[in-house]
Structure formats: C-alpha cells, structure tokens
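Remarks on the structure that follows.
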Amino acid sequence: MYKSKLYKYSPIIFQELLINAKAIVYRLLREGRSYKLRVEQLLLNAELSREELISLSKAELSKQLLNAKNNCEYYKNINGFELTDFPIIDKELVRGSPNKFLSSVKTSLWTFSSQTGGTTGKPLELYADLDAIIEDHAQSARQLHWAGFKPGDKRIWLRADLVVPMEQSMEPYWRRNIVDEMLMMSVYHINEQTVSDYVDRINKYKPDVIQAYPSALYLLAKLIESQGLVIDVSIKAVILSSESFEPNQAEIIERIFNAKVFSWYGLSERVATVGTCKEGQLHLIEDYGYYEFDDKNILIATGFHNKKMPLIRYNTGDQFVGVENEIKPCDCGSSFRKVKAIRGRVGEYLVSDKGSKVSIFNHIPKGVVGLVELQLKQVEPLKILALIVTGKDFKKSSEIKLINNIKDYLGSGMVVEIIYLDHIPRTKNGKFRQAIYEVRD
C-alpha cells in the first residue's frame, strides 16, 4: 500500500485514512474470538510446569509432523514419524521449490503469501493460513503483556513501513494509526537535521511503549545524545525486533529513552520465536515451535502452527549463545528454556587480511567520538569502505581512531576508505546491515 501512487501522492489526512482502514481490516481478521482465547491460553502456558510444557510441545510436534508427511510433496516419502526421520532443510532448498512444502489440504478460507530476503536480498516465497497469522499476533500480544503493555496504552512504531514517502523533505515524518493507538514514525527520515522534530513529537505524543528496529532506534538515540536533546516522557518499555543488536546498543537506548529494553525474535518462516519476560530474561517460546541446536549452536527449528507451509527442522542460520541445558524455573514463573543472546545470521562477515572470517564488529566503534552509525563494506580483499554518519563532535582524531580500530580487528594490511553520508541505506525491508562482503571469488 505504502508504495502505491495513490498513497504516495495523497494528502496526509487521506494517507492516515488509508492506514486506519487497513488497521480495521487487520483487526477484523486477526482479533476475533479465537485470538482472544489464544492469548488467554498463551498466558496460562507461560505458567506450566516443565513436565506439562514438554507434554504440550510433544503433542504439537507430532501433529505437525503428521500434517507435513501426509499433505506435503517434499515430506511424503519420509520413512517414519519421528523428528529425526526428517532431514534438516534450509532457505535455499525452500527457495528452490516452495510449492513442495505447501499442504495439499485447504487449512483455512484464506492463504496469505509474503516474501522475505533477509540480509541476502534473495526473495523467499512463503505462505501461511489465517490460524498462523492469528497465532503470531497472539504471541506478540503475550510479549507486549510481559513488557507491561495494557489495552489503551499508546505506542510508537518505528519499523520498515514506508508511511512517509521518501520524497518528503519536511515534517511530519510520521502518521497516526488511531485504530491501534499508534504513531507510526519513518525510519528513513532520521538524520541530524530531523532528530529534534522526532524528539518534539515523541515528547508531545507521550507513548507508553516503543516498538522498533534496533538499528533505527539506536541511530535516533545516538543523534539525540550528540545534540544534547532529552526524551522527557515516562515510557514503560522498548521492544526491539527483526535485527540483532549488541548489549552496548541496548544500554544506550535504555539510557536515552529511560525505558527497559525487551527483545523479540521471530522469523517470517514462522518456525521460532524468542521473547523477553518481565524479569528481562530471554526465553525460547516452546509453545510456538520445537528447537534443536547444531554443534555451532545454530538454531534448527520446527514451527507448530503454520499448517499451510510446515517447515520441519529448518536451519535458521542464527547462532544462539548460552542456551540453557539444565532447566531451572525463571523468577518470572515460566519454565521456558532461557538463552543469553542471539548472534543473528552467521553468514554476515568480512574477511581479514589473513583470510579469516570476522563476524563480530561491536568493538570497532568503541572510542570513536561523534560516530553515530557505521556500516563496513568489503569491496576488495584488502579494502574496506567505512560508511559513516557522524555527529557534530566527530573530528579528524575520530576518523583516525576508527581507521585504527578497523585495522585492529581486520588486519593492518587493510586499506580503509571513509565515506561520509547523511543516511546509510537500508535493505528493501528497511533493515540495517552492519557488514557487507562484496568481494568476487
């Protein structure tokens, strides 16, 4: 909708009418009686004992394995009904033959299609039935509940939606979604010139909760800090999702917005979710899927709830840290397994001058005064382009420090070229890539 000419060239008031009309349709589809009952059940599931949760997980897994084997071309020749009888699959396999993973049974009146490209940009066709859409919405509602959200609370939405046309060069850089009591702010217009407009609007709107891409809110936080601006409202929680982020980024967001950060991990493939409880602990959401980990702690997941496109033992490519083996109850009362961190997609890396793959870059910006945002792009074996957005206090000494940091982690043999930008481009889905490897083999 947001990319259509009708939306782009309409007056703001008509754009907001379209946003609210869409919100009404979504609410009618997703928030009926079955949704409300499911939210109630999910809240009860979080209080189950470990034994009760394992029993529930096994039952859901058995139903999904049976559905896949009986109704999907790819799984029909599987010998056996145990999880280990099924092969591990990945994105490339599903991308090559998506129809083989579709159920031949009509699972609901509606089938919804979507595309995801992740950080690779290669489209992946995915399908889901209405029950799967409702399940995701209910899971999100439980996460909001854990974060302290209550019906009637106001939210700021800072995600990929192109609610403000890219061509617009003056405020307002947001649109009102009255139906969902949400102010939808553009991630594409945040820069040194507009940050005060964003801060003024946030302070006037007085949100209870912020839901955002980590990179977008971190950029906003850094710009607020660099200009000495202040968020002068009481915010219950910030919920970050769709991208990996580092602890130091969460610390800055918490300090600038004076709100606790909650992390929500999900996949378009609908095979896994990870949420943050009220105690701030990350949990594998085990009433959503069954989770295995390989020898590198890469998550292999089987989703329970999408009967239209059941993906069994799907290699997510995401690396987990500190997955709990000896399960102990959390202070929140949940018996969901705990994890310490999610590293995100392992394939995002650069190569050092010695030929080693480097995938952790959070140390490189440290000590670089005035650096707001950084993207590293490797275009030749021994050349790094450092795309940067800077604040007013960025100086020549900052540039020297950044170059030295890059060489510290990628090798002294690297040639580093600094490129100053007002805004670092996002992917088509609005996500930020910290590192891009473009060297041709």
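Things worth noting here:
- For residue 57, the conditions (1) assigned to a helix (DSSP H, G or I); (2) more than 27 Å from the chain's Cα centre (by Cα) are fulfilled apart from (2).
- Residues satisfying the stated conditions in the range 130-170, i.e. among the polar types (S, T, N, Q) and either closer than 25 Å to residue 278 by Cα or within 16 Å of the chain's Cα centre (by Cα) (or both): 139, 140, 143
- Selected residue (only one of 162, 144 is over 27 Å from residue 370 (Cα atoms) and not in a loop (DSSP other than H, G, I, E, B)): 144
- With respect to the conditions (1) of a type outside the set (Lys, Arg); (2) touching a Lys or Arg at 6+ places or on another chain (Cβ under 9 Å); (3) closer than 25 Å to residue 273 by Cα, residue 218 falls short on a single one, namely (2).
- Every residue from the range 50-108 that is touching an Asp or Glu at 6+ places or on another chain (Cβ under 9 Å) and small (Gly, Ala, Ser): 57, 97, 103, 104, 108
Yes or no, residue by residue, for (1) in contact (Cβ under 8 Å) with a residue 12 or more places away in the chain; (2) exposed (fewer than 13 other Cβ atoms within 10 Å of the Cβ); (3) closer than 17 Å to residue 222 by Cα:
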residue	(1), (2), (3)
385	yes, no, no
392	yes, yes, yes
395	yes, yes, yes
407	no, no, no
422	yes, yes, yes
427	yes, no, no
434	yes, no, yes
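- Selected residue (only one of 144, 158 is crowded, with 19+ Cβ neighbours inside 10 Å, closer than 30 Å to residue 46 by Cα and at pLDDT below 95): 158
- Exactly one residue among 400, 419 is out of contact with any Phe, Trp or Tyr (no Cβ under 6 Å at 6 or more places or on another chain), of a type in the set (A, V, I, L, M, F, W, C) and not in a helix (DSSP H, G or I), and that residue is 419.
- In the range 238-251, the residues that are under 23 Å from residue 149 (Cα atoms) reach residues that are among the small types (Gly, Ala, Ser) and part of a helix (DSSP H, G or I) with C-beta atoms within less than 7 angstrom, at least six apart or across chains, in these pairs: 243/215.
The values are calculated or read from the model by the stated rules, or taken from the named source; none is laboratory data. All values derive from a computational prediction rather than experimental measurement. Positions of Cβ are backbone-derived with ideal geometry, glycine not excepted, and every protein chain shown enters the neighbour counts.
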